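Notes follow the structure.
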Amino acid sequence: MSASKLQALWNHPAGPKTIHFWAPTFKWGISIANIADFSKPPEKLSYPQQIAVTATGIIWSRYSTVITPKNWNLFSVNVAMAGTGLYQLGRKIRHDYLSDAEPAVAKE
Amino acid sequence: MASFRAFLNSPVGPKTTHFWGPVANWGFVVAGLVDMQKPPEMISGNMTAAMCIYSALFMRFAWMVQPRNYLLLACHASNESVQLYQLSRWGRAQGYLSEKKDEASSQ
């Protein structure tokens, strides 16, 4: 990779010196936090929070393809968010409604 | 009515994606407010800390993006407050914010 190409990326208006790069990049932290929480017992998951994560992921996935220019970084991070949210929702619903365990809302 | 019509037709109005994306993000604020009523053992430290950093970054993003998006800014300012509060509840329940060391509960 030539030095000028790297320089062009570095100085890009949506590049690593700008918030347009770091805000969408950090959004991956939400999906990473959710993946870390895959090992949490389903009683401790929050329906409102996982629904918010899933809904945001789906809506922003759609909108990142219709803005100008299309932002594939934003698209991919929101697809990941929707995916982790759906997985967590599935775990909690399966625990609360499809198994014999008692759905625990309060602390044990 | 004229200002309402101006809003409807504005570059960040409800006919544009710049409106509905931020509306979706208010879901995090609502979820946080609902979760404030629940016991702190249910709070995810990972997710809440990630939200605090995420909303701080997106407040800056909303300010710098063209066109400037005040709805997104308000949404993330609110979320920052809610998530910081939840983080403090989580930290207190974990024993990070208490004086007595033997009261620290393990996760």
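Where a number appears in this text, it was derived from the coordinates with a stated rule and is not lab data. Source: prediction; values computed, not measured. A quick note on method: Cβ atoms are made from the backbone with ideal geometry, for glycine too, and the neighbour counts reach across all protein chains shown.
List of remarks:
- When the Cα atoms of chain B are aligned to their principal axes, the ranges along those axes come out at 62, 26, 18 Å in descending order.
- Compared with the alpha-carbon gap, the fully stretched path from residue B:5 to residue B:74 is longer by 22.7 nm at 0.36 nm per residue.
- Length-normalised contact order of chain B in % [C-alpha pairs under 8 Å, at least 6 apart]: 27
- Using a simple spin-label model with pseudo-atoms 7 Å out from Cα toward Cβ, residue B:97 and residue A:28 lie 3.1 nm apart.
- Test item: B:40-51 mean partner chain Cβ contacts at 10 Å: 6
- For residues of B:64-70, the mean tally of beta carbons on other chains within 10 Å: 1
- Counting only other chain Cβ atoms within 10 Å of each residue's Cβ, the peptide B:19-28 averages 5.
- Two-site label geometry, residue A:62 and residue A:18: point separation in nm, points 7 Å out along Cα→Cβ: 2.7
- By the count of neighbouring beta-carbon atoms within 10 Å, fewest first, B:48, A:65 end up ordered A:65, B:48.
- Translational diffusion coefficient (Stokes-Einstein; Kirkwood radius from C-alpha pairs) of the protein assembly as shown at 20 °C, 1.002 mPa s, in µm²/s: 114
- Degrees separating the helix B:70-94 axis from the principal Cα axis of chain B, which is the longest one: 10
- Rounded to the nearest 500, the helix-only mean residue ellipticity at 222 nm of chain A stands at -20500 deg cm²/dmol, with each DSSP H run of n ≥ 4 adding -39,500 (n - 2.57).
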